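Contents: one structure, followed by commentary.
The values are calculated or read from the model by the stated rules, or taken from the named source; none is laboratory data. Because the structure is predicted, anything quoted here is derived from the model rather than measured. Here the Cβ is made from the backbone with ideal geometry for all residues, glycine too, and neighbour counts use every protein chain on show. To get the accessible areas, we keep the full protein, side chains included, count just its heavy atoms, and leave off ligands, DNA and RNA. Shrake-Rupley method; radii C 1.70, N 1.55, O 1.52, S 1.80 Å.
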Amino acid sequence: MDKEKWTEIFREAGFSDEDMHNWHKAFEKLYPEKHQAFLEHIQVDQEEIKKIREWSK
């Protein structure tokens, strides 16, 4: 599963951009190390991971 497939699943479930942002914020707050590992697992590049984690705080 890559980033595009996860985004497709979230969209199909009715998630808006704001919902996805809030999901990342909760993930980062509760499990920052697992959030990092998840983003790496779905093949997000390190620069984008850094940006996602920055705005998720």
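Once the whole set of protein chains is in place, how much accessible area is left on PHE15, using a 1.4 Å probe, in Å² to the nearest 10?
60 Å²
With Kirkwood's inverse mean 1/r over C-alpha pairs for Rh, give me the Rg to Rh ratio of the chain, two decimals please.
Radius of gyration over Kirkwood radius for the chain works out to 0.94.
I'd like the carbon and sulfur percentage of the solvent accessible area for the chain, probe radius 1.4 Å, heavy atoms only, ligands and nucleic acids excluded.
About 52 percent, which is the carbon plus sulfur part of the accessible surface.
Over the chain, what is the relative contact order in whole percent, taking alpha-carbon pairs under 8 Å and six or more residues apart?
Relative contact order for the chain comes out at 46 percent.
Please give the calculated 222 nm ellipticity per residue for the chain, where each DSSP H segment of at least 4 residues contributes -39500 (n - 2.57) and the sum is spread over every residue; nearest 500 deg cm²/dmol?
-23500 deg cm²/dmol
Give the distance, in whole Å, between the Cα centre of region 43-57 and the Cα centre of region 1-40.
First find each Cα centre; the distance between them is then 11 Å.
What does the charge dipole of the chain about its Cα centre add up to, to the nearest 20 debye, if the Cβ of each Lys and Arg holds +1 and the Cβ of each Asp and Glu holds -1?
Dipole of the chain, to the nearest 20 debye: 260 debye.
Can you give the accessible area per residue of the chain, in Å², using a 1.4 Å probe?
Ligands and nucleic acids excluded, the result is 76 Å² per residue.
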